[in-house]
Amino acid sequence: MNNFTEKLAEILSPIAAKFSGQRHLSAVRDGFIVAMPLIIVASFFVLINNVGLDPDSGIFKSIADLSQFQEIGNIVFDATLGIISILIAFTVSYNLAESRDRDGVIPGVIGIALLFTLFPSIESVVPIGTDKAVEVTGVFSSVNTSATGLFMAIIAALLGTELYLFLSKSDKLNIKMPNSVPPMVAKSFSSLIPSLITLTVFAVVVFTIDLLFGMSFPDLITTLIQAPLTSVTTSFFGILLITFIQNLLWGFGIHGANITAPILEPTLLASIQENITASQLGQEIPNIITKPFVDVYTLLGGGGCLIGLVIAIFIVSKRKEYKEVAKIGIIPSSFNIAEPVMFGLPVVMNPVLIIPLVIVPAVNLTIAYLATAIGLVSKTVVMVPWTTPPVISAFLATGGDWRAAVLSVFLIAISVVIYIPFVMALNKVSLK
């Protein structure tokens with residue numbers, strides 16, 4: 001096994017080195033690194049709100065109702081992960097411009113503006129006390145400014161910055177100011193026409209999409225991804241496909257769980273309800289695949305089963321920055337909160353780590369399904385909170401089956417083994 005792991009790492013190392021130096025991937029990586037402190041802060045408040053202060057499942061519920069203090073965490077979340085796509089639009093644009101030896105401030109600001117051209121500014125809301133939806137103009141949904149909008153932020157930053165930098169090279173498009181004008185003012189006027197053209201191009205694209213398809217850019221992206229999945233049910237191969245796509249989307253900065261939720265949630269929740277009812281009546285449990293089944297076996301440490309990556313980093317990584325992120329991310333990962341590691345390393349847009357990111361959950365799902373199907377572990381009959389730590393969650397979800405807890409430990413070990421050669425490959429790649 002060690003020889004195989006080392007050989008695989010040797011094969012992956014040059015690939016990792018090549019991609020690490022790629023300008024656009026580096027801009028995305030460095031952009032996420034800049035935002036990492038805010039992501040970590042938000043993740044800890046998510047942990048506190050869900051594990052400690054939740055009125056239904058929080059650890060303090062038996063002592064006192066502290067749910068009112070969740071608002072503190074909500075405020076912090078809205079100011080960090082709630083606007084993460086805006087922050088990333090700036091940081092990625094900035095780093096891409098800097099990589100081309102250009103000042104990054106103006107491209108960063110333009111990146112934010114371009115992101116908002118992709119967002120719809122009309123939202124449908126239902127006022128309190130009524131059941132009729134009304135349209136509100138001039139507003140932007142926090143759904144888009146949060147992690148759900150990261151894909152659009154990356155598109156705006158990379159394509160928009162490249163277009164702006166290309167246009168700004170032309171002397172004909174630069175407004176020349178007298179030498180007496182302060183440099184910052186002169187720079188702003190010089191960027192006026194390239195900015196105008198770049199924003200116009202994006203606006204025309206968004207307008208055309210609305211004209212042709214009658215939907216916003218975010219809705220188009222969601223529809224293109226969700227449409228192929230709408231016919232997939234809770235069959236093994238169906239859930240395997242969705243799990244694969246879900247984590248592949250994570251690898252490109254798209255919140256895979258949010259995209260697939262409208263497809264999965266209704267059927268998965270219905271299947272666990274059937275299991276709960278059958279358990280209460282003393283009948284045979286009908287369903288293997290349920291909401292808690294997917295959560296406790298494919299979200300070990302969050303999307304991509306990242307607790308395996310964290311452990312693998314502690315075991316074989318020689319990169320100091322990776323170990324620092326792992327130290328910070330170990331606690332959130334223990335409660336299935338993946339953001340600190342997902343964006344901190346980052347795993348997002350990392351061509352090497354994307355491979356195990358999609359493989360590990362699929363492998364774990366397959367093993368867990370087979371183990372349940374042949375009766376090695378019990379089927380899930382309890383709906384447990386998604387922040388319940390791995391191993392414990394499997395034990396609780398199966399109604400106290402210790403074998404499920406053992407299976408969970410085994411799946412974590414499998415995750416570590418799969419992640420190790422990829423972490424070893426990244427040992428030879430230094431951040432530049």
Here, trypsin sites (Lys or Arg not before Pro) of region 93-176 satisfying both criteria (DSSP loop; at most 12 other Cβ within 10 Å) are Lys132, Lys169, Lys176
Estimated dipole of the chain in Debye, rounded to 20 [Cβ of Lys and Arg +1, of Asp and Glu -1, Cα centre]: 1480
Zone reached by a paramagnetic label modelled 7 Å from Arg23 Cα along Cα→Cβ, restricted to region 149-163 with backbone N below 11 Å, covers 162-163
Shape call, region 77-166: gyration tensor on alpha carbons, a/c limit 1.5: prolate
Working out 0.36 nm times the residue gap between Ile392 and Phe69, then minus their Cα-Cα distance, what length gain in nm do you get to one decimal? 113.6 nm
Mind ranking 374-381, 211-218 by how tightly packed they are, going by the mean number of other C-beta atoms within 10 angstrom, highest first? 374-381, 211-218
Averaging sequence separations of C-alpha pairs under 8 Å and six or more residues apart, then dividing by the length of the chain, give the relative contact order as a whole percent. 19
Please name whichever of Ser235, Asn74, Asn336 sits farthest to the positive end of the charge dipole of the chain, dipole taken about the Cα centre and charges placed at Cβ: Lys and Arg +1, Asp and Glu -1. Asn336
How large is the helix-only mean residue ellipticity at 222 nm for the chain, computed as the sum of -39500 (n - 2.57) over DSSP H runs with n ≥ 4, divided by its residue count, in deg cm²/dmol to the nearest 500? -21000 deg cm²/dmol
Which length gain, in nm to one decimal place, applies between Thr208 and Trp402 when the Cα-Cα distance is subtracted from 0.36 nm times their residue separation? 64.2 nm
Give me D for region 115-213 in µm² s⁻¹, whole number, from Stokes-Einstein with Rh from the Kirkwood sum over alpha-carbon pairs, 10 °C and 1.306 mPa s. 98
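Taken together, the values in this text are just the output of simple stated rules run on the coordinates, not laboratory data. Note that this is a predicted model, so its numbers are computed, not measured. Positions of Cβ are backbone-derived with ideal geometry, glycine not excepted, and every protein chain shown enters the neighbour counts.
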